[in-house]
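> Before I ask anything, let me first share the structure, which is written out below as structure tokens.
What follows is calculated from the coordinates using simple rules that are stated; it is not laboratory data. The model shown is predicted, which means the values in this text are computed figures rather than measured ones. Glycine gets a Cβ as well: all are built from the backbone with ideal geometry, and neighbour counts include every protein chain shown.
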Amino acid sequence: MNLTIDIGNTFVKAALFSINKIIDSQTKPIAELDFFIKKIVKEFSVENIILSSVINHPQELDSFLASKYHFILLDHTTRLPFLNEYLSPETLGKDRIGAVAGACAEFANQNVLVIDAGTCIKYDFINSNNEYLGGAISPGIKMRYAALNNYTQKLPLLEPSSGFLELTGNSTIASIHSGVQLGAVAEVNEIINLYTEKHKNLAVILTGGDMLYLKPVMSGKNNIFADSFLIHKGLNHILKYNVDI
């Protein structure tokens, strides 16, 4: 059984795989990291583990896992199941690596654009030759709300709305929601259009904690897919690739 661990800024997410099938997934606050992971490996028959982290997590956990399991700490030196053409691989976010590997696993030998909506909105492209070429990073939805509040004196700090949004806001609050969320949707739609014009048979995958707010992007399109477990599928793909070598 494989265990994939994705440590973010606020939460740690873990998924258990039997070959390619997710049999369990859990999420806990980052403060519970050590207890959470040790509890999982005690309860399940884990053989192989991969850990991806965007923070400086305790190295004692790595040492513990490495002493008992086939353990991979994902970094820029890890063997990947795709050709990484990024010019600064040491600066490439591990979440982006996982997402691209997930795209590689789900849509082999196809042009794929991954859109990961989280703290930032990240765009990553892998072509049909299994070459990762890079992408783009723009402010996430919550970051856009925070920027309006931080860089003005009177605009309030709002939370994203999951309801219907009017294009023409008839109040300041409605105008902020329209500008931020519909603005993000417009950005994503245009990026998809640009990639579609340049690359044939393009598949688009939406993932990330804020992908809910980008659902209008999927309206009427059959080449766009939502996958909340894409990064874990990618981590499992990387893990299997290294175990099988």
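> For His70, list long-range residues whose amide hydrogen, built 1.01 Å from N in the peptide plane, is under 5 Å from its own amide hydrogen.
Excluding prolines and chain starts, which carry no amide H, the hits are Ile49.
> Can you work out the Karplus-derived ³J(HN,Hα) for every residue in the range 144-161? Use 6.51 cos²θ - 1.76 cosθ + 1.60 with θ = phi - 60°, whole Hz, and x for glycine or proline.
So the Karplus estimates, Gly and Pro as x, are 5, 4, 5, 5, 4, 6, 6, 9, 10, 8, 10, 7, x, 8, 10, 9, x, 9 Hz.
> What's the extension gain from Phe11 to Ser138 if we count 0.36 nm per residue and subtract their Cα-Cα distance?
Full extension of this stretch gives 43.6 nm more.
> Follow-up. Any idea what the dipole of the chain comes to, in debye rounded to 20, about its Cα centre with Lys/Arg Cβ at +1 and Asp/Glu Cβ at -1?
Charge dipole, the chain, about its Cα centre: 260 debye, nearest 20.
> Just to be sure I understand the model, the point goes 7 Å from the Cα along the line to the Cβ. What's the resulting Arg79 to Ser175 distance in nm?
So the label points at Arg79 and Ser175 sit 5.8 nm apart.
> Using per-residue counts of other Cβ atoms within 10 Å, averaged over each peptide, order 224-237, 5-18 from highest down.
224-237, 5-18
> For the chain, what does the helix formula give at 222 nm: sum of -39500 (n - 2.57) over DSSP H segments with n ≥ 4, over the residue count, nearest 500 deg cm²/dmol?
Estimated from H runs of four or more residues: -10000 deg cm²/dmol.
> Another question about this same structure. Taking the alpha-carbon distance from Lys198 and a cut-off under 28 Å, which lysines remain once sequence neighbours fewer than 8 residues away in the same chain are dropped?
Lys94, Lys122, Lys215, Lys221, Lys233
> Sort the following peptides by mean Cβ neighbour count (other Cβ atoms within 10 Å, averaged over residues), highest first: 36-49, 100-113, 162-175, 197-210. Don't skip to the answer; put the middle values down first.
Details: 36-49: 15.5, 100-113: 21.7, 162-175: 10.9, 197-210: 17.9.
In decreasing order of mean packing, 36-49, 100-113, 162-175, 197-210 become 100-113, 197-210, 36-49, 162-175.
> Ratio of alpha-carbon Rg to the 2.2 N^0.38 Å globular estimate for the range 1-88, to two decimals, please.
Relative to the 2.2 N^0.38 Å estimate, the range 1-88 comes out at 1.10.
> Here is a follow-up. How would you order 81-90, 183-192 from highest to lowest mean count of nearby Cβ atoms within 10 Å?
Working: 81-90: 13.5, 183-192: 16.8.
Output ranking for 81-90, 183-192: 183-192, 81-90.
> In nm, what is the difference between 0.36 nm times the number of residues separating Thr152 and Asn56 and their Cα-Cα distance? Each step should come with its number before you reach the end.
Numbers: separation 96, 0.36 × 96 = 34.56 nm, distance 3.29 nm.
Full-extension gain reported as 31.3 nm.
> Still on this structure, I have one more. Within the P(r) computed for the range 101-230, what percentage of the Cα pairs occupies the region above 27 Å?
Numbers: 1918 of 8385 pairs.
Summing the P(r) tail past 27 Å for the range 101-230 gives 23 percent.
> So if R0 is 45 Å, what FRET efficiency would Glu166 and Ser18 give, r being the distance between their Cβ atoms, rounded to the nearest 0.05?
E between Glu166 and Ser18, to the nearest 0.05, is 0.45.
> How long are the three semi-axes of the equivalent ellipsoid for the chain, computed from the Cα gyration tensor as the root of 5 times each eigenvalue, in whole Å, largest first?
Equivalent ellipsoid of the chain: 33, 23, 15 Å, largest first.
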